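Notes follow once the structure below has been shown.
Rule-based calculations on the coordinates, nothing more; no lab input. Owing to the predicted nature of the structure, the values given are computational and were not obtained by experimental measurement. Glycine gets a Cβ as well: all are built from the backbone with ideal geometry, and neighbour counts include every protein chain shown.
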Amino acid sequence: MKRFPQNFWWGAATSGPQSEGRFNKKHANVFDYWYEVEPEEFYGQIGPDTASNFYNSYVDDIQLMKEIGLNSVRTSIQWTRLIDDFESATVNEDGVDYYNKVINEFIKQGITPVMALHHFDLPVELYHKYGGWESKHVVELFAKFAGKCFELFGDRVKHWFTFNEPMVIVDGQYLYQFHYPNVIDGKKAVQVAYNLNLASAKAIKVFKELGMHRKDAQIGIILNLTPSYPASQSEEDVKAGRIADLWRNEMFLKTAIYGEFPEKLVELLTEDKVIWESTDEELNILKNNTIDVLGVNFYHPSRVKAPDISPNSTADWTPDRYYDQYEMPGRRMNIDKGWEIYPQALYDIAINIRDNYKNIKWFVSENGMGVSKEERFLNDSGVIEDDYRIDFIKEHLEWLHKGIEEGSNCFGYHLWTPIDCWSWKNAYRNRYGFISNNIHTQVKTIKKSGYWIKEVSKNNGFL
Ligand code: BGP
């Protein structure tokens, strides 16, 4: 029997914009807006309007989560739902009432609510007016919104996260065109990365000023860590791996934990003349407002090699001038999603955190397997037999367990996601849940993996 530490979090994660639906929401976030103007950009032209209907069905949905043994669940508070006026952070009463009810329902069902403050859902007005995360004014507004959340819900929510995957915002909005406004601009990407780090630190500053630690609360950030494995041990490939790690992982990880950007990254960006604008006061805020706890989203490793063409070629600056993706022969894939399956990376992450990041308390805040057309696996009783998902989770947990046994301070595992939910441009293409969702009827049914996790949670481990 592989047993996990006492009080281990067995749970799952979703987000406000992906589960609630737009019901009664006064403002649009960047995805709401993008769907309004270009619905054809979304798989099956399905947008966030209904999502998994959590706004209306949260009582039944939370009941199902309880039924499969989840003891903690993450979602997020939508800035565009909670706040009426972004400048003054005046709240929307329906939004406050809704989040109060959701939080109370989780607690009533014995599920620890875990809240993120931002899950890719920038209010679109703040982009059109100020340039969104390019603007330090927006950073200020985010800190105000965060403060409101702590004041309103901090008596019951004890686990807070400033951002989910800030690196994906940089990638999606400013480099690889999968988040509105789909800009390609390396220099802006660098500034946005800095501003997101700053926004997280400023939210933490407000958290401290409100005395949240004295109320037994803790705050962190959720980062998608994709360890970079070089194609070979040649000097060039190893260097490519180093730079990829600096940019993709350490730019947020080191800053969140040590309050300082990685020196080598700052050197490189300075040399390339794309370094962000910062002030001493801001750097001080970053230094003094580090995280208590870390969430790690892990789906797939990244394999990199030295770039085929020289970084000095003529082109606008982007970070990937220093590395190319490496397609490793024989790699094990989840073909539906196009991601490599490499569970051992979770052990490598655990040991990296233990040895290089103060052995900070952390949990797996997302891991999971997106599979298309899961109705293929329906049995006669109407249950999706997702053995592939059970195997996937198990293998990851085995490697995680090894990391924990060797001293890494991991306190939980959350699957993406409790109930199949809407996933940005991919809409409902890939399903990840323990519980399926018929998006035409909104009928939700526990999958085989849901029954499996119930046992794991009950036994605090598995054979
Ligand atoms: C993570 C995000 C989630 C979710 C998941 C699956 O990066 O934090 O919000 O969307 O990816 O994504 P997809 O459905 O595109 O496979």
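Values for this structure:
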item	result
Relative contact order for segment 1-82, counting Cα pairs under 8 Å that sit 6 or more residues apart, in percent	51 percent
Residues of type lysines that LYS358 reaches as a straight line, Cα spacing below 17 Å, ignoring anything fewer than 8 places off in the same chain	LYS254, LYS287
Check: segment 341-463 dipole with +1 on Lys, Arg Cβ and -1 on Asp, Glu Cβ, in debye	400 debye
Förster radius 41 Å - calculated FRET efficiency between TYR43 and ASP216, Cβ distance, rounded to 0.05	0.45
Theoretical gain in end-to-end length, GLN6 to SER381 [0.36 nm per residue, Cα-Cα removed]	131.5 nm
Selected from SER408, TRP9, ASN460, residue furthest toward positive end of dipole (the chain; charges at beta carbon)	ASN460
Stretch gain in nm, segment SER88-ASP336, where the contour uses 0.36 nm per residue and the Cα spacing is subtracted	84.8 nm
Contour minus Cα-Cα distance for LYS373 and VAL238 (0.36 nm per residue)	44.7 nm
Estimated FRET transfer efficiency (LYS402, LYS129; beta-carbon r; R0 60 Å; 0.05)	0.75
Equivalent ellipsoid dimensions for the chain as semi-axes, Å, which come from the Cα gyration tensor, largest first	31, 27, 23
Given 10 as the ceiling on other Cβ atoms within 10 Å, longest exposed-site-free region of the chain for trypsin sites (Lys or Arg not before Pro) in DSSP loops	1-272
Ascending count of other beta-carbon atoms within 10 Å, so fewest first, for TYR229, TYR258	TYR258, TYR229
Paramagnetic label zone (point 7 Å from Cα along Cα-to-C-beta, ASP280; backbone N under 17 Å) in segment 172-202	none
Segment 236-264-segment 50-129 distance, computed between alpha-carbon centres (Å)	32 Å
Dipole moment magnitude, nearest 20 debye, the chain about Cα centre, only Lys, Arg, Asp, Glu C-beta charged	1260 debye
Nonlocal amide H pairs with LEU122, under 5 Å, H built at 1.01 Å	VAL30
At R0 = 41 Å, FRET efficiency that the Cβ-Cβ distance of ARG156 and ILE309 yields, to 0.05	0.15
Value at 222 nm in deg cm²/dmol, rounded to 500, when DSSP H runs of n ≥ 4 in the chain each add -39,500 (n - 2.57)	-12500 deg cm²/dmol
Cα pair distances of segment 403-463 binned at 5 Å [whole percent]	4, 15, 20, 19, 14, 12, 10, 4, 1, 0
Computed over the chain: relative contact order in percent, which uses C-alpha pairs under 8 Å that are six or more apart	19 percent
Selection from PRO343, VAL192, GLY211 lying farthest towards where the dipole of the chain points positive, charges on Cβ	GLY211
Order of SER408, SER232 under a 10 Å beta carbon neighbour criterion, fewest first	SER232, SER408
Per-residue ³J(HN,Hα) for segment 396-408, Karplus 6.51 cos²θ - 1.76 cosθ + 1.60, θ = phi - 60°, Hz, x for Gly and Pro	5, 5, 4, 5, 5, 4, 4, x, 5, 4, 8, x, 6
